[in-house]
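Student: Input: one structure, supplied below.
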Amino acid sequence: MDKSKRLKATALCTLLVLTSGCATISTLNQPLRERKPLVMSGLRLDLASLRDDPVVTDRFGVPAPSYPLLDLPFSTGLDILLIGYTAPVALYYRYR
């Protein structure tokens with residue numbers, strides 16, 4: 001296997017491992033009708049799990065990531081990228 005293929009395989013495996021426990025991916029994979037928090041949901045879930053706040057983590061309907069401090073920068077980045085989707089959807093379901 002040449003160096004570029006090995007690098008691509010390593011990057012793909014790393015991406016799969018990081019997104020498997022990603023709080024943003026977990027919270028956005030729920031039905032929208034349940035009125036779960038959407039905007040910056042991964043960041044909010046990570047911060048709630050760092051504070052050991054069971055009320056907030058129960059509100060999201062998904063288990064908190066195993067390593068919230070490790071997940072925090074990735075979830076924050078993904079939440080910022082997806083805010084153009086999550087904010088309008090959250091507003092639509094809020095006033096519906």
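Student: Ordered by residue, what ³J(HN,Hα) values in Hz, to whole numbers, does segment 65-74 give under the Karplus form 6.51 cos²θ - 1.76 cosθ + 1.60, where θ = phi - 60° and Gly and Pro are x?
Tutor: In residue order, the calculated couplings are x, 5, 10, x, 5, 6, 6, 3, x, 6 Hz.
Student: FRET efficiency for Tyr93 and Ser4, Cβ-Cβ distance as r, R0 = 41 Å, nearest 0.05?
Tutor: For R0 = 41 Å, the calculated efficiency reads 0.40.
Student: How big is segment 3-94 by Rg and Dmax over its Cα atoms, in Å?
Tutor: Both quantities, over Cα of segment 3-94: 14.4, 50 Å.
Student: Could you grab the relative contact order for segment 30-96? Cα pairs under 8 Å, six or more apart, rounded to a whole percent.
Tutor: Here the relative contact order equals 44 percent.
Student: Just to verify a number: FRET efficiency for Ile83 and Asn29, C-beta to C-beta distance, R0 = 25 Å, to 0.05?
Tutor: Efficiency, rounded to the nearest 0.05: 0.90.
Student: Same structure again: When the chain is fully extended, how far beyond the present Cα-Cα distance does Leu12 get from Tyr67, taking 0.36 nm per residue of separation?
Tutor: My answer for the length gained is 17.8 nm.
Each reported figure results from applying straightforward, stated rules to the coordinates on display, with no laboratory input. If you're wondering where the values come from, they're calculated on a predicted model, not measured in any experiment. No Cβ is skipped: glycine too gets one built from the backbone with ideal geometry, and neighbour counts run over all protein chains shown.
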